[in-house]
1. Does at least one position in the stretch B:104-118 carry a residue that is within 13 Å of ligand 1 (Cβ to nearest atom) and more than 16 Å from residue B:30 (Cβ to Cβ)?
2. For the stretch B:25-67, name all the residues that are buried (at least 22 other Cβ atoms within 10 Å of the Cβ), near ligand 2 (Cβ under 9 Å from one of its atoms) and on the phi > 0 side of the Ramachandran plot.
3. So residue B:79 ticks every box in (1) within 8 Å of chain A (Cβ to nearest Cβ); (2) within 8 Å of ligand 1 (Cβ to nearest atom); (3) in a helix (DSSP H, G or I) but one. Which box is left unticked?
4. Do you know which residues across the stretch A:240-287 are out of contact with any helix residue (DSSP H, G or I) (no Cβ under 9 Å at 6 or more places or on another chain) and in a strand (DSSP E or B)?
5. Could you tell me whether any residue of the stretch A:117-126 is within 11 Å of chain B (Cβ to nearest Cβ) and modelled with pLDDT of 95 or more?
6. I'd like to verify a number: residues in the stretch B:35-55 that are without any contact (Cβ under 8 Å) to a residue 24 or more places away in the chain and away from ligand 1 (no atom under 12 Å from the Cβ), how many?
7. How many of the residues in the stretch B:149-179 are in contact with a strand residue (DSSP E or B) (Cβ under 9 Å, 6 or more places away or on another chain) and in a helix (DSSP H, G or I)?
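The values are calculated or read from the model by the stated rules, or taken from the named source; none is laboratory data. No experiment lies behind these values; they were computed from the predicted model shown. So basically every Cβ, Gly included, is an ideal-geometry build from the backbone, and we count neighbours across all protein chains shown.
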Ligand SMILES: Nc1nc2c(ncn2[C@@H]2O[C@H](COP(=O)(O)OP(=O)(O)OP(=O)(O)O)[C@@H](O)[C@H]2O)c(=O)[nH]1
Ligand SMILES: [Mg+2]
C-alpha cells in the first residue's frame, strides 16, 4: 500500500495520535458483552426447580415431537448420517495407539477430521439449504469460543432460526488444554489481539456468553472427544441454559464431565435435534448425547 | 476455513499506531467481501453469512508511520445485535454499508447511524458506502440519493464494488485521513497538546471530546 498524503508533519501526527488514543481509552468502559434476561431464581442447569436432573422417564421432548409444526424435517436423518460418519471416522483415530507410545495425533487434527467428514457428507446430501455448518475462522474461535456453528435455517429467508455453537473438548492427557489451533508458532498477531479482546474468560465461558447474547434458540454443545475412563467414545453436553451456571461456578471441562455422573439418559444425535426443534420457545433444555 | 490466510499474515509486532475500524450494515450487503478485497485482494461469489463477529489486521503507512488497522467485520443479522454493538466501543471509524441493488439495505442506513450514535463515541468518523456498484442493471438506489443521505447524516460517501475492486482502498484511506484530521481538530481546541504540557492534565479535566455519550 502506497504512502498517503497528509497536511500534517510526521511529528504532528505522532503527537496527535498519541493524545487521541489516550482520550479514546478513557471512554467509559462497558462490558464487552451484555447478557440479556439473566434472572434465574433457581440456578439449576436443568432449568427446573429441583436439584436433581430429569430421569429418563421424564416426559420432556418426545411427547411433544408429534405436535411439531416443523415435521417432516428431512434434515434430521441427514444430520444423523453426517454426524454419525464424522464421529465414526474420528473415533478410528481417537482410538489410535502408537505401539511405541511416542506419536500422539494433535487435537487439531482430530477436530479437522470430524469437520471434514461432516462437511463432505452434508454437501453430498445437499442438506445445507435447511441445515448448515459454518466453521469459525481462527480469530472467531478465540473470540466466540466455538469451533463451528450449526444452524437450522428458516425456509424462505435462509436466516438461522436455531443455532448450535460447538466446542470440542479433548482429554487433558491428549493436549493439556483445548486445541484451538494455537501452537506458539501459529499464534499470529491477529490471534493475540483476539485473545486480548476476550479478557480473562476461558473458551468455554466465551462460547456460553456468545450463545446467551443471541438467546435461548442458540445452544452451546460441548463435544467430548473421550471422557475420563472412556477415551475412545464421543459424547456431548448440550444446553441453552449454561447461563444458570455463570457466576456460580467456573464453566470448564470438569463441570462438563460432571454431567455424566451417575446414570443419565443419553440421546442420539437424532434425538438431540428433535428435542431442539420441538422445544417450546424460551424453555430451557439440557441434554447429554452419545455420538459413537 | 481461513487458516492459510491467517498464517500468511506477518507476525510483525512493530507499529506506531493502531486504529480500530468497524464495518456495519445489513446482512448480504458485502461487508465481508469488502474486507477480503481490501486485506487479501480476493473475492468469492459464494455467500457465507458471518456468524457474530470477526476481524482482520492490515498495516498501512502514512508519513513513514505504520498504522495498524484492526478492522472488525460485524454480522448484519439482527440476532447478533447484542454481540456486535458490544464491539462499537473504542472504534475510531465506521464503514456503514448498503447495497445499491437492495432498497431495504438503504432504508436501514438511518437506523445503523443511530446505532453508531448510541454505542460509539461522538468523534467516531463514518463513511457511507453504496456497495455492488458493478451491478448497474439491478440498481435501485441512485448515486444522488446515496450522496444526499450521506450529506444529511454528515458522512463521507463512496460507491464501491468488492467484486470489481472499485473504491475499496480509497474508502479505507479516506477513513484513515478523516480520523487523523479529526484528531488534530480536537487537539487544536486543547492547548495542553500544542504547548506540550504533560498529558496528566487530561485526566483531571477532560476536554469535551471525551465525554461519553449519555445515551449508552
Ligand atoms: N456483484 C457484487 N456482488 C457482491 C459484492 N460484494 C459482495 N457481493 C456478494 O454479495 C453476497 C454477500 O456478501 P457478504 O460480503 O458475505 O455480505 P455481508 O455484508 O458480510 O453479510 P453478513 O455477514 O450476513 O452481514 C456474496 O454472495 C458476495 O459475493 C459486489 O461488490 N458486487
Ligand atoms: Mg459477513
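1. no
2. Within the stretch B:25-67, B:30 is the sole residue that qualifies.
3. All conditions are met except number (2).
4. Hits for the stretch A:240-287: nothing passes.
5. In the first step, residues of the stretch A:117-126 are kept if they are within 11 Å of chain B (Cβ to nearest Cβ); the result is A:119.
Okay, now just the ones that are also modelled with pLDDT of 95 or more, so A:119.
Checked against the condition, which is being within 11 Å of chain B (Cβ to nearest Cβ) and modelled with pLDDT of 95 or more, the stretch A:117-126 yields at least one hit.
6. 1
7. 15
One line per residue, one yes/no per condition, for (1) under 13 Å from the mean Cα position of the chain (by Cα); (2) surrounded by fewer than 22 Cβ atoms within 10 Å (Cβ to Cβ); (3) without any contact (Cβ under 8 Å) to a residue 60 or more places away in the chain:
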residue: B:100; (1), (2), (3): no, no, yes
residue: B:110; (1), (2), (3): no, yes, yes
residue: B:113; (1), (2), (3): yes, yes, yes
residue: B:122; (1), (2), (3): no, yes, no
residue: B:149; (1), (2), (3): no, yes, yes
residue: B:154; (1), (2), (3): no, yes, yes
